[in-house]
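A quick write-up on the structure given underneath.
Computed from the coordinates by the stated procedures, all read-outs in this text should not be read as laboratory data. Bear in mind the structure is a predicted one, so any value in this text is a computation, not a measurement. Positions of Cβ are generated from backbone atoms using ideal geometry, with glycine treated the same way; all protein chains shown enter the neighbour counts.
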Amino acid sequence: MTLKDISKDIIESKKIGLTFHISPDGDALGSTLALLNGLRELGKDSYIISREVIPDNLSFLPLGEEINGDIPEPLEGTDMVIVLDCGNYERICANLENYDGKLINIDHHVTNENYGTSNYVEESSAATAEIVYLLLKELGFDFKEKDEVNEKIGRCIYTSLVTDTGGFRHSNVTERTHKIASELIAIGVNNTKIHNNLFDNRPYEKIKLIGEALNNLKLLLDGKLSVIKLSKKLLDSYNLGNIDTSDVISMALGIKGVKVALVLKEVEDGVKGSLRSREDFDVRKVAEVLGGGGHIKAAGFKMKNVSLEEAFNKVIIEIEKEI
């Protein structure tokens, strides 16, 4: 299926739900909100399906307030659901068991399982937002025009690019990535403000939490693995149950000699894990064994009905096999 085919299906659809992977990151949310803003501009009856809420550091994105966990499954009359940035069906952040309409899968993960009724997977894209950018152009958007709608869409896409490329420093960055970013800045997207919202706007409570997390950081496996555990009790004490851990794990990976960083976050029904790596370590393999997925150097997973220590012991076994 081509993007032209998908755009035709979108135009013909009457009610469209958009969703993404569990524990959504900047690309999942930026891609989804970019498309949602675009569909609304086209007059489409479109909405967010999500079991989770948007992290605080991404709440500045246009229509971000609609990612509130209030709609966990498709509404009645929905004839198309578009899943963005999710490699496998089990990790979709929506209940689709009773849905039998069109399921469009748009992604850039190399391990995507092509679970949709229609699939568009472009592994060479630095972020799913690059694909959304091209899809919106197929839908008639001209990103050379300075206007409020383009700026809102562009803000979402630029955020995706920044977050999924590590600030344009990862090896997934291509010439096209920079061309898209350049075009978005030219139409008024404020890259400085986006960076400030993402990285320089942490609440006092989060800084205190980061301090505690780093104070309890452990180095294992001859200093090649750094581990941070965030208990629910600790998170609740700072009222940060919905904390984004990307900056915490970046600090853990930035230690000399560390090849892999692991952050485990205790949640109501289990433990969420984030993995980052450098050099030649493939954290995606570890995440997939644990029921998750992602990229070679950035992946995640969720383990249900386990304690923090149980999750830790299981993850360590898998990392030891690969390191």
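Can you give me the C-alpha center-to-center distance between segment 300-316 and segment 112-186, rounded to a whole angstrom?
Taking the Cα centre of segment 112-186 as reference, the centre of segment 300-316 is 33 Å away.
To the nearest 20 debye, what charge dipole does the chain have about its Cα centre, counting +1 at the Cβ of each Lys and Arg and -1 at the Cβ of each Asp and Glu?
980 debye
Hey, what number do you get for the chain at 222 nm if only DSSP H runs of n ≥ 4 count, each worth -39500 (n - 2.57), divided across all residues, to the nearest 500? Write down the numbers at each step before the final one.
On the way: 11 runs with 123 residues, N = 323.
Rounded to the nearest 500, the figure is -11500 deg cm²/dmol.
So which of Lys4/Lys265; Lys4/Lys146; Lys137/Lys229 end up more than 31 Å apart, counting from Cα to Cα?
With Cα atoms farther than 31 Å apart: Lys4/Lys265; Lys137/Lys229.
By the scheme Lys and Arg +1, Asp and Glu -1, what is the net charge of all other residues having a beta-carbon under 10 Å from that of Ile106? Kindly include the intermediate steps, with their values, before the conclusion.
Values: positive: none; negative: Asp85, Asp107, Glu122.
Result for the neighbourhood of Ile106: -3.
Each residue of segment 123-136 in turn: what ³J(HN,Hα) in whole Hz from Karplus with 6.51, -1.76, 1.60 and θ = phi - 60°, glycine and Pro shown as x?
Per residue, the Karplus-derived 3J(HN,Hα) values read 5, 7, 6, 5, 8, 4, 4, 4, 5, 4, 4, 5, 5, 5 Hz.
In a shell of Cβ-Cβ distance under 12 Å around Gly69, excluding Gly69 itself, what net charge do Lys and Arg (+1) and Asp and Glu (-1) give? Write out the running numbers ahead of the final one.
On the way: positive: Arg51; negative: Glu52, Glu65, Glu66, Asp70, Glu73.
Once all neighbours under 12 Å are counted, the net charge is -4.
Can you give me the distance in nm between label points at Asn190 and Val306, each placed 7 Å from the Cα along the Cα-to-Cβ direction?
Modelled inter-label distance: 4.3 nm.
If you filter segment 211-265 for trypsin sites (Lys or Arg not before Pro), then keep DSSP loop positions with at most 13 other Cβ within 10 Å, what is left? Write out the running numbers ahead of the final one.
Values: sites: Lys218, Lys224, Lys229, Lys232, Lys233, Lys256, Lys259, Lys265; in loops: Lys224, Lys256, Lys259.
Those that pass, being in a loop and sparsely packed, are Lys256.
Multiplying the sequence separation of Leu221 and Phe168 by 0.36 nm and subtracting their Cα-Cα distance, what value in nm do you get? Provide the component values of the computation, followed by the final result.
Numbers: separation 53, 0.36 × 53 = 19.08 nm, distance 2.97 nm.
Full extension from Leu221 to Phe168 adds 16.1 nm.
Just the ratio, please: alpha-carbon radius of gyration of segment 88-236 over 2.2 N^0.38 Å, N its number of residues.
Values: Rg = 19.3 Å, N = 149, 2.2 N^0.38 = 14.7 Å.
Cα Rg divided by the expected 2.2 N^0.38 Å: 1.31.
How big is the Rg/Rh ratio for segment 22-98, C-alpha atoms only, Rh by Kirkwood, two decimals? Before the final figure, lay out the partial values.
Numbers: Rg = 11.9 Å, Rh = 12.8 Å.
Result: Rg/Rh = 0.92.
Under 5 Å between amide H atoms, partner at least 5 residues away or on a different chain: which partners does Asp45 have, H built in plane at 1.01 Å?
Result for Asp45 returns Ile16.
Quick check: convex hull over the Cα atoms of the chain, volume per residue in Å³, rounded to an integer?
Numbers: hull volume 40.3 nm³, N = 323.
It is 125 Å³ per residue.
Give me the extension gain from Glu97 to Asn114: residue separation times 0.36 nm, minus the current Cα-Cα distance, reported in nm with one decimal.
4.4 nm
What are the extents of the Cα atoms of segment 232-302 along their three principal axes, listed from largest to smallest and rounded to whole Å?
Extents along the principal axes, in whole Å: 37, 28, 13.
Tell me, what HN-Hα J-couplings in whole Hz come from the Karplus equation 6.51 cos²θ - 1.76 cosθ + 1.60 at θ = phi - 60° for each residue of segment 261-274, using x for Gly and Pro?
10, 10, 10, 10, 10, 6, 10, 4, 10, x, 9, 9, x, 10
Rounded if a/c is under 1.5, else prolate if a/b is larger than b/c, else oblate: which is segment 48-141, with a ≥ b ≥ c the root eigenvalues of its Cα gyration tensor? Please list the in-between numbers first.
Values: a/c = 1.43, a/b = 1.10, b/c = 1.31.
Rounded, because the longest to shortest axis ratio a/c is under 1.5.
Can you give the net charge of the other residues whose Cβ lies under 14 Å from the Cβ of Ile92, counting K and R as +1 and D and E as -1? Kindly include the intermediate steps, with their values, before the conclusion.
Details: positive: Arg51, Arg91, Lys302; negative: Glu52, Glu73, Asp85, Glu90, Glu97, Asp107, Glu113.
Taking every other residue near Ile92 into account, the sum is -4.
If contacts are Cα pairs under 8 angstrom and at least 6 residues apart, what is the relative contact order of the chain in percent?
Values: 627 pairs, mean separation 43.6, N = 323.
Relative contact order here is 14 percent.
Give the peptides 198-204, 107-113 in descending order of average Cβ contacts within 10 Å, highest first. It would help to have the intermediate numbers written out before the result.
Values: 198-204: 13.6, 107-113: 20.3.
Listed from highest to lowest mean packing, they are 107-113, 198-204.
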